[in-house]
4 protein chains.
Amino acid sequence: MSKPLEGVYAALTTPFAGDEIAADKLRDNVQKYNRTDLAGYLVLGSTGESVSLTDGESLQLVEAVVAAAAPEKKILVGTARESTKGTIDFTNSLAGRGIAAALVRPPSYFKSKMTREALKTHYLAVAEASKLPVLIYNMPQNTGISLEPQLIIDLAPHPNIVGLKESSGSLAFLGEVVREVPDRFHYFLGSGHVIYPGLEMGACGAILAVANAAPEMSAEIFRLFKAGKKDEARRLQLDLVPLNKALMEVYGIAGLKYAQDLRGYYGGPARLPLLPVGDQAKRDIAALLKKMGL
Amino acid sequence: MSKPLEGVYAALTTPFAGDEIAADKLRDNVQKYNRTDLAGYLVLGSTGESVSLTDGESLQLVEAVVAAAAPEKKILVGTARESTKGTIDFTNSLAGRGIAAALVRPPSYFKSKMTREALKTHYLAVAEASKLPVLIYNMPQNTGISLEPQLIIDLAPHPNIVGLKESSGSLAFLGEVVREVPDRFHYFLGSGHVIYPGLEMGACGAILAVANAAPEMSAEIFRLFKAGKKDEARRLQLDLVPLNKALMEVYGIAGLKYAQDLRGYYGGPARLPLLPVGDQAKRDIAALLKKMGL
Amino acid sequence: MSKPLEGVYAALTTPFAGDEIAADKLRDNVQKYNRTDLAGYLVLGSTGESVSLTDGESLQLVEAVVAAAAPEKKILVGTARESTKGTIDFTNSLAGRGIAAALVRPPSYFKSKMTREALKTHYLAVAEASKLPVLIYNMPQNTGISLEPQLIIDLAPHPNIVGLKESSGSLAFLGEVVREVPDRFHYFLGSGHVIYPGLEMGACGAILAVANAAPEMSAEIFRLFKAGKKDEARRLQLDLVPLNKALMEVYGIAGLKYAQDLRGYYGGPARLPLLPVGDQAKRDIAALLKKMGL
Amino acid sequence: MSKPLEGVYAALTTPFAGDEIAADKLRDNVQKYNRTDLAGYLVLGSTGESVSLTDGESLQLVEAVVAAAAPEKKILVGTARESTKGTIDFTNSLAGRGIAAALVRPPSYFKSKMTREALKTHYLAVAEASKLPVLIYNMPQNTGISLEPQLIIDLAPHPNIVGLKESSGSLAFLGEVVREVPDRFHYFLGSGHVIYPGLEMGACGAILAVANAAPEMSAEIFRLFKAGKKDEARRLQLDLVPLNKALMEVYGIAGLKYAQDLRGYYGGPARLPLLPVGDQAKRDIAALLKKMGL
């Protein structure tokens, strides 16, 4: 039983040239990714350094991706702000552009007050008012907020909530959620380490930073899984782990962008406060890509 | 040896009426606070729900306070954004308005990459480019980032860095920093639990949320300390603890605003995702204020 | 390729009668478990409240299990103490009793000093001196120490280190470790939420608290996986999640023991500081077991 | 109003010679400390590596200190075990030796179950059964358990609970507790960074690891405070901070022991898993002591 948004998405990086965004480079990247089996793109995710962008820059980037994406590619956009009102306003400013869903991470500044009740109130208000379908986003590494499986189960019946991106990578979380939500609910994996076992347990796809540097491999794991070639899927998954580890945990966005540069996309610099990668990191990343035949 | 910015500041709440900010109510509050011994005001701090405001709303609030503050009151503004560029741009958009200093909390979304080096690079870039003097802001409860004492010591010599607001309330932190920074450096306490012992150990003032509800008491602890009346200062400090605990930890900003309402200021609702306080909380807060004779 | 210790083990609870251990009740339990497809037993694990036992009590419990276990059942024992010397001494006091391996959690009291180097030194010293084969134990929930995948990879080549029990339940951890260790290395899952996907990705078994209450189901997931009946294994895995959640996370050891009582084993009380479960918890657990047909 | 146990105590290190404890060296150290103004000694504290000792070793060390301490020196002993029963049994095994109080850290292995109710039940059971007066011990750095101020307030009325050692160093904690407990309650500081401000706010003494290396300075801060020489007390407090930082946070127990060696006491090695300090650390510690004139 396939779902409308299923598949593997790249959580796109944001190209910068000097101090400014480089929307044309993003367009070029997307045109190259159009040739892969990726299901689509997430614009303005964590990997897109969305927290470092103004609303104006954000809008330009969305428009660039909308313009460049092949017709069959679905577009997701990260639209969270710290307030409920700000989240709704920004989300709705993007309506009418063919965006498949808005990905909404939880407010996180007032951590100690983000009780299950506060988060439920927030997400229901957003879902109610949003002109775009809503994907919940669990990203404890960056937000310091761990959504509870029960919160997801409580929110899932809302007709405008279409799924979850779960980036902690916990399959225990998946195990608690996956049978308690409606069939139409999309469970997206947000960690490149567990794509295959997550699909095996009931996820319908993944939204991945590593797919900026390795889009073919990321999409291929999904294809093999759907084709029932589980042993091959597992092997490819394990092949992907060292690259995902290096780019996501060790070197981060600046390292991922360097890997994009090496692979013929535009990576370029990250925006401060993210520091550039050093020479040793560059050598490590180059060696790793070479070893993987990329 | 007194310092130019020393004393106790209120970290002002932001009044809302329905969905919108109510700058006129902020003006009224400030005119009432003008009659107290507060040294001045912090606009757009954590307590001001700054993360829940647009740039346009932020500017209106700053202008309201600038217009309403008595001439001897100093004005501080929270100006941090997640990117270095965004922080500099917003800070400099406020130049030329008589603001005494910009309070800058660290970027915190990319937690795992906010190494000492990244934070140092960020703060030095901000200090270098900022048209306002800079106060560093340590607020681990909200940011999930604990600045290290050594980072403060490393940054303190920069001529445009004039001090620190330290909201973890750790006097161990103060003890490590206070003799290693230039004499001109302002060490502000950010916790209403430790004003007196912090002053005793070398802090020059405090920037406090609780001062919205109890401005006289907050300022009086400073006055008594300066007058050498240490026993009275300590007693008043201990009197303040239960109120500070209730408003800061237990009930948070929505509770603080309710206490303002009871004390004749405009508190009003917080903006979602912060939930309103319930009836029991209201009774507790009212009882506490009554017991304290406020 | 099957491994000598592979399969599913019960991490046995420790029966108490009043203030004292009840070794006879443990013997009875083991005799019942002997009739299941469990591969064997872990004595003195976290679930066995080993930290609440004296050395003398510990030894009695080991002897009871050795005496009661069917010949084909393998016996593992938790033998960690906070010091390297204490760990070695206690481990070696159990030699010569037919124990298959010692499970060794890391020292954790001096958390800030448990660097990768300190942990490596500790485990190598234990492995070197131990008369029993050693299983490393990652249990961050209880120890506050997260072993790094790289530490496991560094330790795995030692001839007396035969594997790992990984209780955080992270398949990302598994993904980083499983191809970097020798073929003979046993990777045991320690979370009942992820048995099937963990086996799918290369684990060779599991050591589970929930197997005290549901030994047949726990062992059956392994059997189905080995028989290539993956859909059935996945379904049974998802069936197990709510029970595992209730007994491991919500109610803990006291709840697990109550479930044992209901299922015809001896559970009995936990030792203080673990509180008994309340009446509502008992009803919940009974209802859950009934719903599962247990 | 002075309290019977008030003053500054050294939290004694445990001397080892090779693999064994060296009780004679502990006796020598205590005889030297007898000549200082320390109020007494804590045996088997965190600094004493108590978690790395057997019960037999622990008893020998207590007996050595009891034999060596000058008559006016009070003796405290750390007696916690993970179970309530184990704590009571070990505490009572020390009765009748002239020990002033037992210091009891909370059980911490089953972290997620150590609710306020579980901790209250544990401490009340220990207080009820203990033949020694009980001091509660808050040590979140090592235990991963933060006792709440309200728990202390709830426990303080018990007639066999005589006080608290609070090692997080939070004066906010002190501010919440100090006026809500009976006058007879001893509030001991456990952090060498905040002795003076803590005394100023109502603590009656301190139990300090750094007092192994700098007993005179530690005791002198207390003496100056009691004599009303507050400026001198503050200066000495700030002088102590860099040494306390180096020995407690940076280098830990192995570093503290090296500092003892340099100052004419027996420090010697720590027991594994604590690693020895390296050559650079030794040079740093020596330079720091020299700079302080010790």
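The values are calculated or read from the model by the stated rules, or taken from the named source; none is laboratory data. All values derive from a computational prediction rather than experimental measurement. Using ideal geometry, Cβ is built from the backbone for each residue, glycine included, and neighbour counts are taken over all protein chains shown. SASA here: full protein model, heavy atoms, side chains in, ligands and nucleic acids out. Shrake-Rupley method; radii C 1.70, N 1.55, O 1.52, S 1.80 Å.
For the protein assembly as shown, the Cα gyration tensor yields ellipsoid semi-axes of 44, 44, 28 Å (square root of five times each eigenvalue, largest first, whole Å). Between C and D, buried accessible area from a 1.4 angstrom probe totals roughly 3100 Å², ignoring ligands, DNA and RNA.
Taking a Cβ cut-off of under 13 Å around C:G228, the surrounding Lys, Arg, Asp and Glu residues balance to a net charge of +2, with basic ones at +1 and acidic ones at -1. Roughly speaking, to the nearest percent, how much of chain B's 1.4 Å accessible area is carbon and sulfur? Carbon with sulfur: 51 percent of the solvent-accessible area. Cβ-Cβ distance of B:V250 and C:A17, R₀ of 41 Å, FRET efficiency by 1/(1 + (r/R0)^6): the value works out to about 0.40.
DSSP assigns beta bridges within chain B; of those with both partners inside it, close to 5 percent run antiparallel. Accessible area per residue for the stretch D:82-147, computed on protein heavy atoms with a 1.4 Å probe, is 33 Å². Computed from Cα atoms alone, the Kirkwood hydrodynamic radius reported for the stretch D:163-250 is 13.0 Å.
Taking the label point 7 Å along Cα→Cβ, D:E117 and its counterparts in the other copies are spaced 1.9, 4.7, 5.0 nm apart, in ascending order. By the equivalent-ellipsoid construction on the alpha carbon gyration tensor, chain B comes out with semi-axes of 27, 23, 18 Å, ordered largest to smallest. One residue of chain A places its C-beta nearer than any other to the axis carrying A onto C; that residue and its whole-Å distance are A:P197, 2. Copy-to-copy label distances for D:G56, where each label lies 7 Å from Cα along Cα-to-Cβ, are 1.4, 7.8, 7.9 nm in order of increasing length. Each Lys or Arg adds one and each Asp or Glu takes one away; over the other residues whose Cβ falls under 10 Å from the Cβ of B:V104, this sums to +3. Each DSSP beta bridge with both residues in the protein assembly as shown is either parallel or antiparallel, and the antiparallel ones are about 5%.
Stretching the chain fully between D:N160 and D:R35 yields a gain of 41.9 nm (0.36 nm per residue, less the alpha carbon separation). Remark on D:K74: its backbone amide H falls under 5 Å from those of D:G40, D:Y41, a criterion applied only to residues 5 or more positions apart or on other chains, H modelled at 1.01 Å from N.
Helix-only arithmetic for chain B: the sum of -39500 (n - 2.57) across DSSP H runs with n ≥ 4, divided by the residue total, places the mean residue ellipticity at 222 nm at -12500 deg cm²/dmol.
Positive-end ranking of A:P149, A:N138, A:V126 along the dipole of the stretch A:7-229, with charges on Cβ about the Cα centre, is headed by A:P149. The residues of the stretch D:93-125 occluded by other protein chains by 40 Å² or more of accessible area, set against the chain on its own, are D:Y109, D:F110, D:K111, D:K113; surface from heavy atoms, 1.4 Å probe.
Any idea what the alpha-carbon Rg over 2.2 N^0.38 Å comes to for the stretch C:1-75?
Working: Rg = 12.4 Å, N = 75, 2.2 N^0.38 = 11.3 Å.
Normalised Cα radius of gyration, the stretch C:1-75: 1.10.
Using a cutoff of 8 angstrom between alpha carbon atoms and counting only pairs six or more residues apart, the relative contact order for chain D works out to 18 percent. Computed 3J(HN,Hα) for the stretch A:100-108, one whole-Hz value per residue from the Karplus formula 6.51 cos²θ - 1.76 cosθ + 1.60 where θ = phi - 60°, is 6, 6, 9, 9, 10, 6, x, x, 9, glycine and proline marked x.
Counting only Cα atoms, I'd like the Rg/Rh figure for the stretch B:73-170, Kirkwood definition for Rh.
Here the Rg-to-Rh quotient is 0.93.
A Förster radius of 56 Å combined with the Cβ-Cβ distance from A:D231 to C:K131 puts the calculated FRET efficiency at roughly 0.90. Ranking D:M201, B:M248 by solvent-accessible area of protein heavy atoms (1.4 Å probe, all protein chains present), from largest to smallest, gives B:M248, D:M201. Here the Karplus curve 6.51 cos²θ - 1.76 cosθ + 1.60, taken at θ = phi - 60°, turns the phi angles of the stretch B:164-171 into couplings of 9, 10, 10, 9, 6, x, 7, 7 Hz, with x standing for Gly and Pro. For chain A, a simple Cβ point-charge model (Lys and Arg +1, Asp and Glu -1, everything else neutral) yields a dipole of about 360 debye relative to the Cα centre.
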